[in-house]
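Q: The structure's right below; bear with me while I get my questions together.
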Amino acid sequence: MRTRLWGLIATAWLVMGPAFAADRGTPEQAKALVERAVAHIKEVGKEKAFEDFNDPQGSFVEGDLYIFVEDMTATNLAHGANRALVGKSLYDLKDADGKLIGRELVSVAQGSGEGWVSYKWPNPVSKKIEEKATFVRKVDDFMVLCGAYKS
């Protein structure tokens, strides 16, 4: 299962990489995109909003920034860069250093309701493993997230 999941992730980076050739997003822009996504959910409802977040050409993908949504078990509900992850559990997904990313995202959401989680992740532009910080905001029974690669 884990090998198949990493295969889906790697394929997305190879396919989507050229689409992310724009400038690198900042943590401030990532947080602003999450805030805009939360407002969109309140405006159109989560079903329509999740559809919009899944569109790689939509307004919730900006350069190397994209919205993704997970429930409180870290099961992916929407993903702007890799729709193949929708429905997959990311709870036990580890970064390059073995950090359990999904568990930490859930912990932040259940604790303060929002915050930052840092981990190492493939950059779709450079194709290298880089440090990434993801902003987490809990909304109802799910998390809205967006991460920025650190320069």
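Q: Arrange Ser112, Ser118 by Cβ neighbour counts within 10 Å, fewest through most, would you?
A: On the way: Ser112 10, Ser118 15.
Lowest to highest Cβ neighbour count: Ser112, Ser118.
Q: Scan around Tyr66 for amide H atoms under 5 Å from its own, H built in the peptide plane at 1.01 Å from N, and keep only partners 5 or more places away or cross-chain.
A: The answer is Gly147.
Q: Next up: Using 1/(1 + (r/R0)^6) with R0 = 25 angstrom and r between the beta carbons of Lys94 and Glu47, what's the FRET efficiency to the nearest 0.05?
A: Details: r = 31 Å, r/R0 = 1.24.
About 0.20, to the nearest 0.05.
Q: Cα convex hull of the range 65-151: how many Å³ per residue? Mind dumping the intermediate values first?
A: Details: hull volume 7.3 nm³, N = 87.
Given the Cα convex hull of the range 65-151, per-residue volume reads 84 Å³.
Q: List the residues, sorted by chain then number, that are 5 or more residues from Met143 or on another chain and whose placed amide H is less than 5 Å from its amide H.
A: Glu70, Asp71
Q: Averaging sequence separations of C-alpha pairs under 8 Å and six or more residues apart, then dividing by the length of the range 74-151, give the relative contact order as a whole percent.
A: On the way: 133 pairs, mean separation 15.1, N = 78.
It comes to 19 percent, rounded to a whole number.
Q: Under 16 Å from the Cα of Lys138, which aspartates and glutamates turn up, not counting those fewer than eight places away in the same chain?
A: Glu35, Glu70, Asp71, Glu104, Glu114
Q: Another question about this same structure. Which entries of Lys31/Lys127; Lys48/Lys132; Lys31/Lys120; Lys42/Lys94 have Cα-Cα distances beyond 25 Å here?
A: Details: Lys31/Lys127 23 Å; Lys48/Lys132 28 Å; Lys31/Lys120 18 Å; Lys42/Lys94 32 Å.
Where the Cα-Cα span goes over 25 Å, the pairs concerned are Lys48/Lys132; Lys42/Lys94.
Throughout, read-outs are computed from the coordinates displayed, never taken from laboratory work. The structure presented is a predicted model; accordingly, all values stated were derived computationally and were not measured. Quick reminder, even Gly has a Cβ in these numbers, built from the backbone with ideal geometry, and neighbours come from all protein chains shown.
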